[in-house]
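The structure appears right after this line, and notes come after that.
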Amino acid sequence: MALLELKKVTKVYQIGTVAVHALRGIDLTVEKNEYLSVMGPSGSGKSTLMNVIGCLDTPTSGTYILDGKTVHNDEKKAAENSTNGMLSDDDLAYVRNQKIGFVFQTFNLLPRITALHNVELPLIYAGFHKKERIEMAKEALRKVNLIDRMHHQPNELSGGQRQRVAIARALVNNPSIILADEPTGNLDSKTSQEIMQLLDELQAAGNTIVLVTHETDIANHAHRVVHFLDGLIASDEQTLKGKG
Amino acid sequence: MNIREVLTSSLDSIRQNKLRSFLTLLGVVIGVFSIIGVMTAINVLQSSVETNLNILGTNTFFIQKYPAVQIGGGHNWKYRNRKNLTYSDYLQLKDSFSGPATITAEDWHGGDPIKFKDNQTKNNVGIQGVTPEWEFSSGYFIQSGRMISRTDMEQMRNVAVIGQDVIDVLMPLYDPIGQTITIRGVKFSVIGTLERKGSIFGQSEDNVVIIPLTTHMKMFANRWSSLGYAIAVMDMSKFDDVRDEIVFHLRLIRNVPLTAENDFEIVSNSSLIDTFNQITGAIKIAALLISSIALLAAGIGIMNIMLVSVTERTREIGIRKSIGAKKRDIMNQFLFEAIFLTEIGAVIGIVLGIVVGNLLPVTMKVDGVFPLDWALIGIIVCSAIGIVFGTYPAVKAARLDPIEALRYE
C-alpha cells in the first residue's frame, strides 16, 4: 500500500466573495522511501498541497490517506453524514506529531531555547519523559552532525546549522514522511548543497521525503519530480537519479 | 504534554520577558500588598488591643460625658449639651449605691510641665485628680509612700503621687518621697510613687502625676470640666447588675426623664473593643474595596499583556502546532503563564504586605502577626484572577490557524 494517497483532492479558499481554487482535483501517490520534488510557479498550488499533506489544512473534497490512516474522505463523510470521514483538530495535531516532520524555508526554530530543546519539542507533545526525550533528541542531533552545538541557541548558529537543527527536529519522532518546503531557500549555494546532501543521506537511510522547490538543481536531488500549474499536476516524471 | 512541561515553559517565557512581566505583576503586587498590609496592621492592633485593653482593668467600667471614641461627625452637639458630671453627682451616687463595687471620680488635664529644682518635664505629663478609691479601679500599684487619702481630699492638700517616667526626668538620683515639685507655680509635696505599668500603643502609662480630685478641681477646673466615674466591680458575676444599678441611680440624680436616653456614656473594655472593631471593620471594608479595584485593574492589565504576548508569539504558536501541539497544549501554556504572573505578584504582595504591616508592631513594641488566612485568600483570589483574565487570550492563542500563524511576521 502506498504511504500517501491523494484522490481527486480539491481545495477552495473563499476570499471575500471570490472562490479561489487552489487545488482542482489532485491524484498523487507516494510510496515508502520515495524521494519526490514538487515544482511550480507561485500560486500554482504547491504550498496548499504541502499544507494538506502536512495535515495543517484539510481538503475541500477528495480523499487523503496517510500511512493507512484516513485523514479525509468526503465520500465517507457524505455517506455517514457525520464528521467520521474527517479528523478533528486534535487528531490532526496528533498526526502531525507522529507521522510528519516539517522542514521550513525559514527554519522556524523557537529563538530563545537551545538546539537540544528545540529538537525535544515534538517529543514533549508526544508525551515522552524527560530522560527519554533528551536521549532521542541527542540521537537526532548526532544524525545531522550537530551534537557539539546542542546547547547553543538558534541565534548563535549559522543558517545551515539552524536548518540542520530543524531537520533533526523533523526526524526525532521517526515520522512517516519528511516535508521540506523550500529548505534551501534562505541558504547560500554551498550550504544548500550540504543540506541537500543530508536529505539525500536520510532518504538513503530509509526516510520518505517530499520536497517543494523552484530550483531545478535542488529538485533534481529527488527521484521523481511533479510539476504544478494552476492547481493541477502538469507533469509527473522520474529524474535521471530516479531512472538510476 | 504534562503539567511540569507546561510550568517550565510558562516560567521560561516569564523569565524571557522580565521587564514586561514585572510591570504586569506590579498591579497584582499593589492590590495584594494593600489588602495584606492593612489586614496585618489591623490584626496587630486587634491583638494588642485585646491584650492591652486592661487600660480600665477587666472589672472596671467608666461613666463619662463623651463617648470614648466618636465615629463620624454630627453628634457632637448632643454630647456637648449634656450636663457635666459633677462632684456632687458623684457624692450622691456614692450615697445611694450600695452594691459590691467602688466608685472613683477623677479628672484629668495635660499641658503643664512639672518642675523640680532645675529640672522640668515636657508638657506631656498627664495630671490626674482622683478620689481615694482610685487605688482599686486604676490598675496602678503603689511602689513607695502612700496613695491619696480621704484627708488629702477633704483638706484639698497639695500632695502628689508620681509615675516612674516623671521620676526619671525630674529626680533620678533622689528618693522622691518628701520632695517638692511645682505645677503651674504651685508647690506639691510627693507622698508616693507608682510602680511602672508600661505602655499601650506606644503611649507610656507612667508619665503621670496623681493629685487629690478636690485639689485638681480647685486649681484646674473650668466650666467645661466634667468628671469621669470609674466603677470597679468586686464580683465579676455581678458586673451587669452593678452597671444597671449605677445607671438607674445616676438617672435619678441627674433627673433624666423615664423615656429619654442616658445623658452620659458607659465605657467598658467590651464597649471599647466593640467600638474598636467597628472602626477596624470599616477600615477592612475600605481596604477590601480598594484592593478589589486594584486587582480588577491588574487583571485587565494581565489580559492586555497576554493578548500582546499571543500576538507577538503567533509564529511560535504556529511552530508548536505544526509539530503536534494540540489546542489544549497551547491553551494551557498561556493560561498557566497568566496564573503564574498573578501568583508571583501575589507572593511578592503578601511578603511586602506582611513586612510593612508588621512595621507597626515593631514601633509599638507588640508581637508581630502572620495573617495566614488573608495570605491564603490572596493566593486563591489571584489564581482566580489569572484564570478569569487569562482564559480569553489563551483561547485566542489555541484557536489560531496553524498556517496563518506560521506565515505571521
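Label sites at B:THR151 and B:ASN262, each approximated as a point 7 angstrom past Cα along Cα to Cβ, lie 3.7 nm apart. In chain B, what % of DSSP beta bridges are antiparallel (nearest 5)? The antiparallel proportion sits near 80 percent.
Legend: helices of chain B (whole DSSP H runs) are marked when their alpha-carbon atoms reach 18 angstrom or more along the helix axis and their mean Kyte-Doolittle hydropathy is at least -1.0; marked are B:3-16, B:18-52, B:239-253, B:269-312, B:327-357, B:372-399.
Local charge for B:ALA398 was computed over the other residues whose Cβ lies under 12 Å away, with Lys and Arg +1 and Asp and Glu -1, and equals +3. Number of Lys-Lys pairs in region B:83-263 under 22 Å by Cα, sequence gap 8 or more or different chains? Final tally of qualifying lysine pairs is 10. A simple count of charges around A:ALA170, restricted to other residues whose Cβ falls under 12 Å of its Cβ and scoring Lys, Arg +1 and Asp, Glu -1, yields +4. Taking a point 7 angstrom from the Cα of B:PHE370 along the C-beta vector, which residues in region B:1-43 have backbone N less than 15 Å away? Residues B:40 qualify, since their backbone N sits under 15 Å from the label point.
A simple count of charges around B:SER144, restricted to other residues whose Cβ falls under 10 Å of its Cβ and scoring Lys, Arg +1 and Asp, Glu -1, yields -1. Across chain A, the volume of the C-alpha convex hull divided among the residues equals 137 Å³ per residue.
Just need log10 I(q)/I(0) for region B:83-122 at q = 0.14 Å⁻¹, Debye formula, equal scatterers on the alpha-carbon atoms, no solvent, rounded to two decimals. Taking Cα atoms of region B:83-122 as identical point scatterers yields -0.55. Can you give me the Kirkwood hydrodynamic radius for chain B, using every pair of distinct Cα atoms, in Å to one decimal? Taking the inverse mean of 1/r over all distinct Cα pairs, chain B comes out at 26.2 Å. Normalised by the number of residues in region B:83-263, the average gap of Cα pairs under 8 Å and 6 or more apart makes the relative contact order 32 percent. With respect to chain A, whose longest principal axis is taken over its alpha-carbon atoms, helix A:130-143 is tilted by about 90°. Across every pair of non-identical alpha carbons in the protein assembly as shown, the mean reciprocal distance, once inverted, gives a Kirkwood radius of 32.4 Å.
Just how far, in whole angstrom, is region B:340-402 from region B:197-271 if you go by their alpha carbon centroids? Each part's Cα centre sits 47 Å from the other's.
Other protein chain C-beta atoms within 10 Å of residue C-beta, averaged over A:103-111: 3.
Under 12 Å from the Cα of A:LYS32, which aspartates and glutamates turn up, not counting those fewer than eight places away in the same chain? Within reach: A:GLU5, A:ASP67.
For A:LYS243 and A:LYS190, the FRET efficiency from 1/(1 + (r/R0)^6), where r spans their Cβ atoms and R0 equals 22 Å, is about 0.20. The C-alpha atoms of chain A define a longest principal axis, and helix A:159-171 lies at about 60 degrees to it.
Between A:ALA204 and B:VAL388, the FRET efficiency from the beta-carbon distance, with R0 = 51 Å, is close to 0.40. Calculated [222 nm] ellipticity per residue, helices only, for chain A: -10500 deg cm²/dmol; basis is -39500 (n - 2.57) per DSSP H run with n ≥ 4, divided by all residues, nearest 500. Look at the stretch B:322-333: the mean tally of other chain Cβ atoms within 10 Å of its residues' Cβ atoms is 6. Taking a cut-off of 28 Å, what percent of all Cα-Cα pairs in region B:83-263 are separated by more than that? Everything past 28 Å amounts to 29 percent. In this simple spin-label approximation, B:GLU409 and B:ASN277 carry label points 7 Å from Cα along the Cα→Cβ vector, and these lie 6.8 nm apart. In percent, rounded to a whole number, the relative contact order of chain B is 30, using alpha-carbon pairs under 8 Å and six or more apart. Computed with a 1.4 Å probe on the full set of protein chains, the accessible area for B:TRP374 sits at about 50 Å².
Give the residues of region B:95-125 whose amide nitrogen is closer than 13 Å to a point set 7 Å from the Cα of B:GLN143 in the direction of its Cβ. No residue passes the distance filter.
Full extension of the chain between B:ASP401 and B:LEU23 gives 133.1 nm of extra length, using 0.36 nm per residue less the Cα-Cα distance. Neighbouring Cβ atoms from other chains, within 10 Å of the Cβ of residues in A:122-132, number 4 on average.
Count the DSSP beta bridges whose two residues both fall in the protein assembly as shown, then state the antiparallel fraction as a percent rounded to the nearest 5. Of all bridge pairs located within the protein assembly as shown, approximately 70 percent are antiparallel.
Packing-based ranking of B:384-396, B:110-122 yields B:384-396, B:110-122, ordered from highest to lowest mean Cβ neighbour count within 10 Å.
The values are calculated or read from the model by the stated rules, or taken from the named source; none is laboratory data. All figures in this text were calculated on a predicted structure; none of them were measured in a lab. Backbone-built Cβ (ideal geometry, glycine too); neighbour counts: all protein chains shown. These area figures cover heavy atoms from the full protein model, side chains too; ligands, DNA and RNA do not enter into them. Shrake-Rupley method; radii C 1.70, N 1.55, O 1.52, S 1.80 Å.
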